[in-house]
Every structure is written in C-alpha cells, then in structure tokens.
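The values are calculated or read from the model by the stated rules, or taken from the named source; none is laboratory data. Only a predicted model underlies this, so the values are computations on that prediction, with no experimental measurement involved. FYI the Cβ positions are ideal-geometry reconstructions off the backbone, even for glycines, and counts take in every protein chain you see. For the accessible areas, the whole protein counts, side chains as well, though only heavy atoms, and no ligand, DNA or RNA atoms are used. Shrake-Rupley method; radii C 1.70, N 1.55, O 1.52, S 1.80 Å.
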Amino acid sequence: MLRIGMLTSGGDCQALNAAMRGVVKCIQNESKEPFEFYGFEDGYKGLIYSKFRMLTPDDFSGILTRGGTILGTSRVPFKTIHEPDENGLDKVAAMKQNYYKLQLDCLVMLGGNGSTKTANLLSQEGLNVITLPKTIDNDLWGTDMTFGFQSAVDIATKAIDQIHTTASSHGRVFIVEIMGHKVGWLPLNAGMAGGADIILLPEIPFDIDRVVDKIEERDAHGSRFTIIVVAEGAISKKDAKLTKKEYKEKLANYKYPSVSYEIADQITKKTGREVRVTVPGHVQRGGEPCPYDRVFASRLGAEAGRLILKGEFGFMVGYKNREMVKVPLDEVAGKLKTLDPNADIIKEAKMLGISFGD
C-alpha cells in the first residue's frame, strides 16, 4: 500500500487544486500497487495538529479549473518552527510523529519560499518529501516558472487595462500597485503587457526626479496621462542607501499605506498633477487558473507522481529551459530568485520607451 500525504502552505494562488489533481491522476494511472491519499488541512498546521482527512478520487474530480485550495492553507513561519506553540508542543516533533503515525511513504508540499524551508527541514529529519513550486511572485530558486504566476499576470494586466480608459479620460497620472513581494517578476510582466509608461521594481531603485522627468516628457509629446506600475516592494535610491536598521525605523513611522502613496504624494508636490492610486491586492491571487497554469500545474503534479513511484525524494519539481527537472531541496530552501536589472527583458522594455526611474 502506497500512502501519500499532501498539504498546501502559505498564501493561496491559482492552480493549487490542478497541481494536486496532477499528482493523484499520475498515481492512479501509473501505480502498480494500491494507494491512499491523506490531505492535511490548513497547511503545516494540519500536519502539526493531526488535522487530516483521507481523500478519494472524487475529491479531485472537477477541480482542474477551481481556484484556491480544497485543503485550506495557512502560514507557519519557518523562523518560528523550532519554537514550541502556546501549549509547549514541539512542532517539528509533532509533524514527524503524525507522518509516521499514518505510515506515509511521502509528503507532497505545495508552497513558496518559506514553506520550502520547512519542507527541506523535514527532509533532513528523514521524511520523504517532494515539493511543487507555488507562488504568484515567481521568486522560487531552481525553477524558471512557478504555478500561479501566469494567472496573476493576467489579472494584474486586466487591472492596468481598465485604468487606461479612466486615466486617458481625465488626463491623470495613475499608479497601479502590483504584488510580487520582494521581487519584480509580476509587476514587470503585467506592466509591459498592460502598456505601462513607468515600472518601478525592487531590483532597480528609483529616483523620483527621473519618474517626474518621464511624466513631463509625455506631457510635452501631447500625452494626457501616465500609467505607473509600482511593485509592492519598490524602493527609492535614497532608501536603498539606508542600513537595514534605518529602513526598519522609517517603515515603523511610515505615514503612507504603502510605497505607491508616497510616490503619488511626491509626484503631486513636484508637478501639481493629480495622481490616483489603485491597489488590486489579493484579487491577483484569486479566481480560476488561466489555461497555461492548468497545464503547467498538471505537468508538475504528474512529475511529482513519477518521482514518488520511482522512490526519489528530497526534491522540488522545477521547470528549466522548457523541461521539467528535479532540484534538491537544500539547493532551493532559503534562496530568492530575483530579477536581474541587466536582463534582456529590462533592456527590451527600455527600448520600448518604458522608464524604470533609474
């Protein structure tokens, strides 16, 4: 009997269900022995507190197009994983105990950076673990793409598209704040797809005067409006020079809801222009997965199933050079895949006239 546990960890995104379905479909069609699937509810919390349910093939019927996760998810920060809970429970010991209690042959974890750190820890503790790269941020090391990313790009792009008509009608400067955590993959791709004039990214600290220069250049050429895409992690050149302690102190006393509102305030003071801020927020993580993500997540799930049947554990299933690959967890955990400021896509965006405020 093959016993497989599954959990989804961290922030939700599109195609989590499609990826889990891919694992199950592969095992169903390729396994030569009976199998059982156990779903841990609300991420690592389910594994810690023994909250699980046996899953049947019916649970995975009709979920290819369904957003969110049928198992529920939560955040259990890696930095606190070794700290006992409020009742003194050893979290790592509890996860191991529940794994062995169910006589699992493997744990499949769908998650991002922090979740992969915990998965690697469990692998080092002797558990058989396979992970799948989930995040709209596309910031996981060891894979060119994460599932959820393309769906989020589609949603963010539509938000920028919708802003264009009202911005042009009123002749305003519009800022659209796009998710992405500490990296710029999502705002860059959505910004280019949505025809943004200025894109501000965490990897390219901006000078507000260069941003104003671009707005005034557009005004001089008869453009009534400017669309600025701002990554939630965007940072100015001035702030980038601060020490971590100084920057933390600034954020602790921050008077703006986010960096976009600070930028809007600075533009208004320097130009007198009316600036509006739009924040799509968690809309970018919601809804059904786009066709690309349905296919991509299904492929990742199938590859995870293949590794399980081969008895190969301690890997993340990744995607490199248009091929599925297995990447050792200890090479992935704790590493962030940032955007190279000198990447071809940045150079090409600049050729299109997009300013990065640098």
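Give all pairs with beta carbons closer than 6 Å in which a residue from the range 340-351 that is open to solvent by 50 Å² or more (accessible area, probe 1.4 Å) meets a residue that is at pLDDT 95 or above; count only pairs at least 6 apart in sequence or on separate chains.
P341/E203; P341/I204
Within the range 239-289, track down each residue that is under 30 Å from A18 (Cα atoms) and surrounded by 13 or more Cβ atoms within 10 Å (Cβ to Cβ).
Filtering the range 239-289 down to residues under 30 Å from A18 (Cα atoms) leaves 279-289.
Selection gives V279, P280, G281, V283, Q284, R285, G286, G287, E288, P289.
Can you say whether T131 is in contact with a strand residue (DSSP E or B) (Cβ under 6 Å, 6 or more places away or on another chain), open to solvent by less than 50 Å² (accessible area, probe 1.4 Å) and either of a type in the set (D, E, K, R) or in a strand (DSSP E or B) (or both), as far as the supplied structure shows? I'd like the intermediate steps shown before the answer.
Numbers: in contact with a strand residue (DSSP E or B) (Cβ under 6 Å, 6 or more places away or on another chain): yes; open to solvent by less than 50 Å² (accessible area, probe 1.4 Å): yes; either of a type in the set (D, E, K, R) or in a strand (DSSP E or B) (or both): yes.
Against the criterion (in contact with a strand residue (DSSP E or B) (Cβ under 6 Å, 6 or more places away or on another chain), open to solvent by less than 50 Å² (accessible area, probe 1.4 Å) and either of a type in the set (D, E, K, R) or in a strand (DSSP E or B) (or both)), T131 qualifies.
Scan the range 165-194 residue by residue and report those that are more than 24 Å from E216 (Cβ to Cβ), open to solvent by 10 Å² or more (accessible area, probe 1.4 Å) and aliphatic (A, V, I, L, M).
M179, A193
For the range 159-177, does any single residue satisfy the condition of being aliphatic (A, V, I, L, M) and either within 19 Å of F37 (Cβ to Cβ) or within 15 Å of the chain's Cα centre (by Cα) (or both)? Give the derivation first.
Quick first cut of the range 159-177, residues aliphatic (A, V, I, L, M) only: 159-160, 163, 167, 173, 175-176.
Subset that is either within 19 Å of F37 (Cβ to Cβ) or within 15 Å of the chain's Cα centre (by Cα) (or both): none.
No: zero hits.
For the list (1) of a type in the set (A, V, I, L, M); (2) within 25 Å of I198 (Cα to Cα); (3) assigned to a helix (DSSP H, G or I); (4) in contact (Cβ under 8 Å) with a residue 60 or more places away in the chain, I need the number of the one condition that L251 fails.
Unmet condition: (4).
Got a sec? Which of F52, F78 is in contact (Cβ under 8 Å) with a residue 40 or more places away in the chain, in contact with a helix residue (DSSP H, G or I) (Cβ under 6 Å, 6 or more places away or on another chain) and within 16 Å of I4 (Cβ to Cβ)? Give the derivation first.
On the way: F78 fails: within 16 Å of I4 (Cβ to Cβ).
Matching residue, one of F52, F78: F52.
Given the criteria surrounded by 15 or more Cβ atoms within 10 Å (Cβ to Cβ), in contact (Cβ under 8 Å) with a residue 40 or more places away in the chain and touching a strand residue (DSSP E or B) at 6+ places or on another chain (Cβ under 7 Å), does L140 qualify? Spell out the reasoning first.
Numbers: surrounded by 15 or more Cβ atoms within 10 Å (Cβ to Cβ): yes; in contact (Cβ under 8 Å) with a residue 40 or more places away in the chain: yes; touching a strand residue (DSSP E or B) at 6+ places or on another chain (Cβ under 7 Å): yes.
Considered against the rule, which asks whether it is surrounded by 15 or more Cβ atoms within 10 Å (Cβ to Cβ), in contact (Cβ under 8 Å) with a residue 40 or more places away in the chain and touching a strand residue (DSSP E or B) at 6+ places or on another chain (Cβ under 7 Å), L140 comes out as yes.
Return the residues of the range 51-82 that are basic (K, R), open to solvent by less than 80 Å² (accessible area, probe 1.4 Å) and in a loop (DSSP other than H, G, I, E, B); say none if nothing qualifies. Write out each step before concluding.
First pass over the range 51-82, keeping only residues basic (K, R): 51, 53, 66, 75, 79.
So of that shortlist, the ones also open to solvent by less than 80 Å² (accessible area, probe 1.4 Å) come out as 53.
Answer for the range 51-82, where residues must be basic (K, R), open to solvent by less than 80 Å² (accessible area, probe 1.4 Å) and in a loop (DSSP other than H, G, I, E, B): there is none.
Looking at the range 316-331, which of the residues that are more than 23 Å from K182 (Cβ to Cβ) and in contact with a helix residue (DSSP H, G or I) (Cβ under 6 Å, 6 or more places away or on another chain) is least open to solvent (accessible area, probe 1.4 Å)? So that I can check it myself, show each step before the final result.
Quick first cut of the range 316-331, residues more than 23 Å from K182 (Cβ to Cβ) only: 317, 321-326, 328.
Keeping just the survivors that are in contact with a helix residue (DSSP H, G or I) (Cβ under 6 Å, 6 or more places away or on another chain) gives 317, 324.
Details: V317: 3, M324: 36 Å².
Once the filter is applied, the top-ranked residue is V317.
From G301, G334, grab the single residue that is within 24 Å of G184 (Cα to Cα), open to solvent by less than 70 Å² (accessible area, probe 1.4 Å), in contact (Cβ under 8 Å) with a residue 12 or more places away in the chain and not charged (D, E, K, R). Explain how you work it out, then say what you get.
On the way: G301 fails: within 24 Å of G184 (Cα to Cα).
Going through G301, G334 in turn, just one is within 24 Å of G184 (Cα to Cα), open to solvent by less than 70 Å² (accessible area, probe 1.4 Å), in contact (Cβ under 8 Å) with a residue 12 or more places away in the chain and not charged (D, E, K, R): G334.
Return the residues of the range 102-121 that are surrounded by fewer than 24 Cβ atoms within 10 Å (Cβ to Cβ), touching a strand residue (DSSP E or B) at 6+ places or on another chain (Cβ under 9 Å) and assigned to a helix (DSSP H, G or I); say none if nothing qualifies.
N113, N120
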